[in-house]
Amino acid sequence: MERTEQMNGIGTQPGRWRLAAKAAFPVTIPVLTGFLCLGMAYGVLMQSKGYGPFWAVLMSAIAFGGSMQFVAITLLTTAFDPVQAFLLSIMVNARHLFYGLSLLEKYRGLGKVRAFLIYTLCDETFSLISTVDPPLEVAPRDFYLCISLMDYLYWIVGTAIGGILGNFLTFDTTGLDFALTALFVVLFLEQWKKRENRPAGIIGISCAVMSLLVFGPDNLVIPAMVLMMAVLLGGRKTLCT
Amino acid sequence: MYLTPMQTLLMILAVAAGTQLTRWLPFLLFPENRCPPAVVTYLGRVLPTAVMGLLVVYCLKSVSVFQAPYGLPELVAVAAVVILHKWKGNVLLSIAGGTVLYMLLVQAVFA
């Protein structure tokens, strides 16, 4: 933490980072449970394909890809084809484009921290940062950094635990990853509180459901994104007023 | 391991490159020293709620409503999250309550 302060060239305000971490930690607890659980599942799965904790953690730390990492397990167990892996990663993660568009404003002028925030942007971090406002005494930048860093570390630590001792686990964790579904439901409700957000919320759900019905569970994201974009842009005049 | 260490490393870098491209592209297209077009600002305002809806559907995409248990555990648990949240308004309580209920449902009730 101290190193980060020096890197930003900001003087040491006592307790500044503790305050930010204290504000950020409670909101990341659902991500903690979800990521430890899924990260562990990933570590165990990699182990079962002969890729030990070193490789699992390396993938989690460098790619930090969530669902794409599970897809990549399949790619690591067939013929070597990095071009396919690259293209598939873009398609599976295309939803990140929307996160970036939504956070252009919040991530403006944050200096060196910004690169790390963008590097570790994922579904959960985006959802928290776009929905939860930092308390008054915490600088938004510190709040965003703490959330991003914590979520990133949960995933890596989960992967490491899974890779190292996943085979000795006896506690039945089936269903624990529902924490992430619940998190998105709650954050959706938080957004829903603001009346002006409601049309967009309805558009998001209906486009996703329509895409799910037409294209099936494995190909739902990109058609849903295209459809959403079309409806949001088409209805811009109505939604703006 | 199916691939050699060198091939594995290259695969990791390929996945990382693809993933990072999707993260960086909006920030590269609309650099922070220039004001983005009004339409992009508009999208930045409406997308978070729309995407949250998409993520909820995405999490539930593999639930089969035509096969036992007909998506009941998910339906009950999501309803519990909504009710808890409307009632107490405590983020952690809503999530923990829904998750514990869901685990009970899939491990004990519908197992």
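Within the stretch A:133-147, track down each residue that is within 24 Å of A:Ala179 (Cβ to Cβ) and either surrounded by fewer than 18 Cβ atoms within 10 Å (Cβ to Cβ) or among the acidic types (Asp, Glu) (or both). Result: A:Asp133, A:Pro135.
Name the single residue, out of those in the stretch B:38-88 being within 9 Å of chain A (Cβ to nearest Cβ) and in contact (Cβ under 8 Å) with a residue 24 or more places away in the chain, that is most open to solvent (accessible area, probe 1.4 Å). Per the criteria, the residue is B:Glu74.
Of the residues examined, A:Leu101 is not one that is assigned to a helix (DSSP H, G or I) and either more than 27 Å from B:Pro36 (Cα to Cα) or open to solvent by less than 10 Å² (accessible area, probe 1.4 Å) (or both).
Only one residue in A:Thr159, A:Thr238 is assigned by TED's automatic domain parsing to the domain that holds A:Pro53, touching a helix residue (DSSP H, G or I) at 6+ places or on another chain (Cβ under 9 Å) and not in a loop (DSSP other than H, G, I, E, B). Which one? Result: A:Thr159 is the single residue among A:Thr159, A:Thr238 that is assigned by TED's automatic domain parsing to the domain that holds A:Pro53, touching a helix residue (DSSP H, G or I) at 6+ places or on another chain (Cβ under 9 Å) and not in a loop (DSSP other than H, G, I, E, B). Applying the criterion of being among the hydroxyl-bearing types (Ser, Thr, Tyr) and more than 10 Å from every other protein chain (Cβ to nearest Cβ) to the residues of the stretch A:109-144, the residue that is farthest from the chain's Cα centre (by Cα) is A:Tyr144. Considering the stretch B:22-37, the residues that are within 7 Å of chain A (Cβ to nearest Cβ) and of a type outside the set (D, E, K, R) include one that is farthest from A:Phe98 (Cα to Cα), namely B:Pro36. Does A:Gln47 satisfy the criteria of being assigned to a helix (DSSP H, G or I), of a type in the set (S, T, N, Q) and closer than 26 Å to A:Ile222 by Cα? Here the answer is no, as A:Gln47 does not meet what is asked. Reported count of residues in the stretch A:187-201, each being within 7 Å of another protein chain (Cβ to nearest Cβ) and without any contact (Cβ under 8 Å) to a residue 12 or more places away in the chain, is 2. When A:Pro223, A:Pro217 are checked against the criterion of being touching a Lys or Arg at 6+ places or on another chain (Cβ under 9 Å), open to solvent by less than 90 Å² (accessible area, probe 1.4 Å) and not charged (D, E, K, R), A:Pro217 stands alone in meeting it. Can you tell me which residue is farthest from A:Asp123 (Cα to Cα) among those in the stretch A:68-91 that are surrounded by 14 or more Cβ atoms within 10 Å (Cβ to Cβ) and more than 8 Å from chain B (Cβ to nearest Cβ)? Applying the filter and picking the extreme gives A:Asp81. In the stretch A:169-186, of all residues being within 7 Å of chain B (Cβ to nearest Cβ) and open to solvent by 50 Å² or more (accessible area, probe 1.4 Å), the one that is nearest to A:Leu227 (Cα to Cα) corresponds to A:Thr174. In the stretch A:50-67, the qualifying residues are those that are within 7 Å of chain B (Cβ to nearest Cβ) and part of a helix (DSSP H, G or I), and the one that is least open to solvent (accessible area, probe 1.4 Å) is A:Met59.
The lone criterion from (1) open to solvent by less than 10 Å² (accessible area, probe 1.4 Å); (2) farther than 24 Å from A:Pro217 by Cα left unmet by B:Asn33 is number (1).
Within the stretch B:6-13, does at least one residue satisfy the condition of being open to solvent by 10 Å² or more (accessible area, probe 1.4 Å), touching a Gly at 6+ places or on another chain (Cβ under 9 Å) and not hydrophobic (A, V, I, L, M, F, W, C)? The answer is no; no qualifying residue exists.
The values are calculated or read from the model by the stated rules, or taken from the named source; none is laboratory data. This is a predicted model, so every value here is computed, not measured. For neighbour counting, all protein chains shown are included, and Cβ atoms are generated from backbone atoms with ideal geometry for every residue, glycine included. Just so you know, the surface numbers come from the protein's heavy atoms only, side chains and all, with ligands and any DNA or RNA stripped out. Shrake-Rupley method; radii C 1.70, N 1.55, O 1.52, S 1.80 Å.
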